[in-house]
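Asker: Encoded as structure tokens, here's the structure I'll be asking about.
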Ligand SMILES: [Zn+2]
């Protein structure tokens, strides 16, 4: 959506991103200037905790309103989400969107090595032929969940208007074939413990986030593949 004055917009976007980062810092979800041990065993100077991003209702409402405003020109029948934190944000987006969309959610599951998302039967009638759907996610990492949600909508004959999220990792600007609006687009470095500049500086290691499940770690935006070790799928 390119409104007039592209250069001014690029500056605006940068300023806005800084504001959003500050908001996420105040929730305690975004932490910087430290030396974190990630669940993968890597070290990093920054960390974004998926669990904490939607814990301050007034902040979540504000951020949801920004996403809703971005998509305000498009008619939206349903805001669709999955996952607890994302659903809280999705509620705030739906509440602020001028189309007054319905809020629906899919449930996440795993069968063997495959992830899947399922639409509860009760929602079958709300996502149907021609339904315009805005998908809301908290953190975009691999985009795998989003791909599943898009497929779910399109199989039912619906149309995905776009995707709104709080945080997208830059290096993983996956092409989902839909407009993605992210409040923050940011990556931060992660280091192998054997080759960590923070360790070399003698900074004490902060272990408070080290215990999350390995599969969750990448979803929290921490890990990168190290020496051929594949990333867990998020
Ligand atoms: Zn280190």
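Asker: If a residue has to be closer than 18 Å to residue 206 by Cβ and exposed (fewer than 15 other Cβ atoms within 10 Å of the Cβ) to count, how many in segment 17-39 make the cut?
Answerer: Here the count works out to 4.
Asker: Residues to consider are 3, 57; find the one that is at pLDDT below 95, surrounded by fewer than 17 Cβ atoms within 10 Å (Cβ to Cβ) and closer than 30 Å to residue 109 by Cβ.
Answerer: On the way: 3 fails: closer than 30 Å to residue 109 by Cβ.
From the options 3, 57, the qualifying one is 57.
Asker: Continuing with the same structure: Could you list, in sequence order, the residues of segment 93-116 that are out of contact with any strand residue (DSSP E or B) (no Cβ under 9 Å at 6 or more places or on another chain) and at negative phi?
Answerer: Residues satisfying the conditions are 96, 98, 111, 113, 114.
The values are calculated or read from the model by the stated rules, or taken from the named source; none is laboratory data. Given the structure is predicted, the values throughout are model-derived calculations rather than measurements. As a convention, Cβ positions derive from the backbone with ideal geometry for all residues, glycine included, and neighbour counts pool all protein chains shown.
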